[in-house]
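A.B. asks: Below are the structure tokens for one structure; questions will follow.
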Amino acid sequence: MRRFVYCKVVLTTSLVWVLVDVLLLLYFSECNKCDDRKDRSLLPALRAVISRAHEGPGEMGKPVIVPKEDQEKMKDLFKINQFNLMASDMIALNRSLPDVRLDGCKTKVHPDELPNTSVVIVFHNEAWSTLLRTVHSVISRSPRHLLVEILLVDDASERDFLKKKLEDYVRNLEVPVRILRMEQRSGLIRARLRGAAATRGQVITFLDAHCECTVGWLEPLLARIKEDRKSVVCPIIDVISDETFEYMAGSDMTYGGFNWKLNFRWYPVPQREMDRRKGDRTLPVRTPTMAGGLFSIDRTYFEEIGTYDPGMDIWGGENLEMSFRIWQCGGSLEIVTCSHVGHVFRKATPYSFPGGTGQVINKNNRRLAEVWMDEFKDFFYIISPDPHCQVSIQRGFPDRQETRPYPPTPTPTPPSAPVHYVLFMESIVLSFPQDEQALL
Ligand SMILES: *[C@@H]1O[C@H](CO)[C@@H](O)[C@H](O)[C@H]1NC(C)=O
Ligand SMILES: *[C@@H]1O[C@H](CO)[C@@H](O)[C@H](O)[C@H]1NC(C)=O
């Protein structure tokens, strides 16, 4: 009998809910047909701003479609920077972007007293629209009191518009923007070091010259550094299409690794890292390595660990070198999943390097292997033998001291080796897909 009553109650409540759903559906489908009526409730001015902001090419991160008649010209322009320059030039320098964060990130409360930051951007013959869209996105999406300045380091660009025209333009921005010029082509590493040395903020944030920061990108990075000044933090790197400049959210389920050629690679975040965070995807992910273009670091900690290796040339390998350095000097490298910054990924580099790209990267990787990899460097030499390439490593690197183990593994360690280091390397190797483990 009681069961019958119970069933009746359940049935009637379900029916009521079905009815409510149907009514709601009816109401909203009605309203779709008469958007005007809904909009009239908004203030006209507000409505105008919203519609204008969402209408132009590329607004809200939408792809830009170049008209048929301009396609030939578009292909020519593409070669200059190896991305669709015509599309980029059509998009407003302050275009709107979607909020791609996890819901849990949007409501996160950060401490009031966050450290402030200087943003360092190195460029070489960058396009006007991508460089300034980077600058505008930093300015408009960073709380003013946290952004000390933007330092643009010009690595000996040849384009005229990057000279006086750029200086005049940035003078009128509401945040101090300084331009430093390298006398000769020096490469990413030395240009970044020059920029870093000139910063005044408590934190240095490095960005590439073709990025776009999204809403709330900065606070979670700075909050993590405030919590632990030895944590070096990267945002999730979203993809800005090199063809259409469409903005596409990146995944919080991949992190950085490398293969034995010492190429940076993305790998799925392992289960043990999900477990460590108790399944909370809004917490930072510890990552073995970083892509290198975008990260924030406490300025004094950057000095303590010896900054970049100034013996590395131009570009390549410096991101792994910095990653190894951080883990082996008591820090941690993390992807802050609540911070999203877009980046234009190119399929080819438009720049030439003195001496050729291959050789430069090879030499840099050798330095990396010699300085930081101990006996693990043999794996690299097996995969990339090159008897003609010699590197001399001067000492003067910081000691690998009281380093934090990265992430603990149950594997036993040989008693003679530094424990933290072996744990670090092994955990990376264990995270390799099977086919790469087979190389061992
Ligand atoms: C971009 O700037 C223009 C001109 O200052 C302004 O009218 C427009 O509303 C801005 N767009 C956004 C998305 O803020
Ligand atoms: C950055 O923060 C520090 C410490 O609060 C402060 O001394 C410094 O003046 C700030 N810099 C700027 C430019 O606001």
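The values are calculated or read from the model by the stated rules, or taken from the named source; none is laboratory data. Because the structure is a prediction, the values reported are computed rather than measured. Note that each Cβ is placed from the backbone with ideal geometry, even for glycine, and that neighbours are counted across all protein chains shown. Ligands, DNA and RNA are excluded from the accessible area calculation, which covers all protein heavy atoms including side chains. Shrake-Rupley method; radii C 1.70, N 1.55, O 1.52, S 1.80 Å.
A.B. asks: Please state which one of Ala348, Ala291 is touching a residue at least 12 places away in the same chain (Cβ under 8 Å), in a loop (DSSP other than H, G, I, E, B) and surrounded by fewer than 17 Cβ atoms within 10 Å (Cβ to Cβ). Working first, answer last.
C.D. replies: Numbers: Ala291 fails: surrounded by fewer than 17 Cβ atoms within 10 Å (Cβ to Cβ).
Criteria check complete, one pass: Ala348.
Yes or no, residue by residue, for (1) surrounded by 23 or more Cβ atoms within 10 Å (Cβ to Cβ); (2) within 16 Å of ligand 1 (Cβ to nearest atom):
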residue: Ala191; (1), (2): yes, no
residue: Arg200; (1), (2): no, no
residue: Val203; (1), (2): yes, no
residue: Val215; (1), (2): no, yes
residue: Leu218; (1), (2): yes, no
residue: Lys230; (1), (2): no, no
residue: Cys234; (1), (2): yes, no
residue: Ser241; (1), (2): no, no
residue: Phe245; (1), (2): yes, yes
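A.B. asks: Ok, one more. Given the conditions (1) farther than 17 Å from Arg141 by Cβ; (2) modelled with pLDDT under 95, and given that His110 satisfies all but one, which numbered condition is not satisfied?
C.D. replies: (1)
Results for (1) more than 16 Å from ligand 1 (Cβ to nearest atom); (2) open to solvent by less than 10 Å² (accessible area, probe 1.4 Å); (3) of a type in the set (A, V, I, L, M, F, W, C), shown as yes or no for each residue.
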residue: Val135; (1), (2), (3): no, yes, yes
residue: Val153; (1), (2), (3): yes, yes, yes
residue: Glu167; (1), (2), (3): yes, no, no
residue: Arg185; (1), (2), (3): yes, no, no
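A.B. asks: Write out, first by first residue and then by second, each pair whose Cβ atoms fall under 9 Å of each other, whose residues are 6+ apart or on separate chains, and whose first residue, in region 195-218, is within 16 Å of ligand 2 (Cβ to nearest atom) while the second is of a type in the set (Gly, Ala, Ser) and part of a loop (DSSP other than H, G, I, E, B).
C.D. replies: Short answer, once both residue conditions are applied: Leu218/Ser142.
A.B. asks: Only one of (1) on the phi < 0 side of the Ramachandran plot; (2) among the aliphatic types (A, V, I, L, M); (3) open to solvent by 10 Å² or more (accessible area, probe 1.4 Å) fails for Ile314. Which number is that?
C.D. replies: (1) is the only condition that Ile314 fails.
A.B. asks: Condition check: modelled with pLDDT of 95 or more, closer than 24 Å to Phe245 by Cα, of a type outside the set (S, T, N, Q) and in a helix (DSSP H, G or I). Does Val170 satisfy that? Even if it seems obvious, please write down each step before you answer.
C.D. replies: On the way: modelled with pLDDT of 95 or more: yes; closer than 24 Å to Phe245 by Cα: yes; of a type outside the set (S, T, N, Q): yes; in a helix (DSSP H, G or I): yes.
Criteria met by Val170.
A.B. asks: When only residues in region 96-126 that are within 16 Å of ligand 1 (Cβ to nearest atom) and not hydrophobic (A, V, I, L, M, F, W, C) count, which is surrounded by the most Cβ atoms within 10 Å (Cβ to Cβ)?
C.D. replies: Ser96
A.B. asks: Starting from residues that are closer than 15 Å to Ser137 by Cβ and open to solvent by 20 Å² or more (accessible area, probe 1.4 Å), keep the ones in region 60-95 and report whichever is farthest from ligand 2 (Cβ to nearest atom). Spell out how you get there, then give the answer.
C.D. replies: Taking region 60-95 and keeping what is closer than 15 Å to Ser137 by Cβ, we get 60-61, 88, 91-95.
Applying the additional criterion that residues be open to solvent by 20 Å² or more (accessible area, probe 1.4 Å) yields 60, 92-94.
Numbers: Met60: 32, Ala92: 29, Leu93: 25, Asn94: 24 Å.
The selected residue is Met60.
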